[in-house]
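In what follows, a structure is listed as structure tokens, so that the remarks can point back to it.
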Amino acid sequence: MLAAILKDAATTRRVVSACLSQGLILFFLLYTDNALRITQPLTISDAEIDAGCAILRHVIQAETRALHML
């Protein structure tokens, strides 16, 4: 399991939701509302890892751009 600490709970919810809409299932950590939990399945191919990373990278970049527009 990996975790990424994001700016706040609202940002984390937006990232999780956007990833889910693109087919990547992520979760929140139970003890903090601004941590993004990344738990890969026991069996996963390199191509699936690359695809998941691409989705997450795209969503975080979009979120960063949106924050800079405010």
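The values are calculated or read from the model by the stated rules, or taken from the named source; none is laboratory data. Please read these numbers as outputs of a predicted model, since none were measured by experiment. Quick reminder, even Gly has a Cβ in these numbers, built from the backbone with ideal geometry, and neighbours come from all protein chains shown. Just the protein is used for accessible areas: all its heavy atoms, side chains included, with ligands, DNA and RNA removed. Shrake-Rupley method; radii C 1.70, N 1.55, O 1.52, S 1.80 Å.
Electrostatic bookkeeping for PHE28 treats Lys and Arg as +1 and Asp and Glu as -1; over the other residues with beta carbon under 11 Å from its beta carbon, the sum is +1. Computed over the chain, the Cα gyration tensor eigenvalues convert (square root of 5λ each) into semi-axes of 21, 16, 9 Å, ordered from largest to smallest. In this structure the chain gives 72 Å² per residue of accessible area when probed at 1.4 Å with all protein chains present. Remark: segment 40-57, residue by residue, has Karplus-estimated 3J(HN,Hα) of 7, x, 5, 10, 8, 7, 4, 5, 5, 4, 4, 5, x, 5, 5, 4, 4, 4 Hz, where x stands for each Gly or Pro and the curve is 6.51 cos²θ - 1.76 cosθ + 1.60 at θ = phi - 60°. For PHE28, the residues whose amide H sits under 5 Å from its own are ARG37, ignoring neighbours fewer than 5 places away on the same chain, with H placed 1.01 Å from N.
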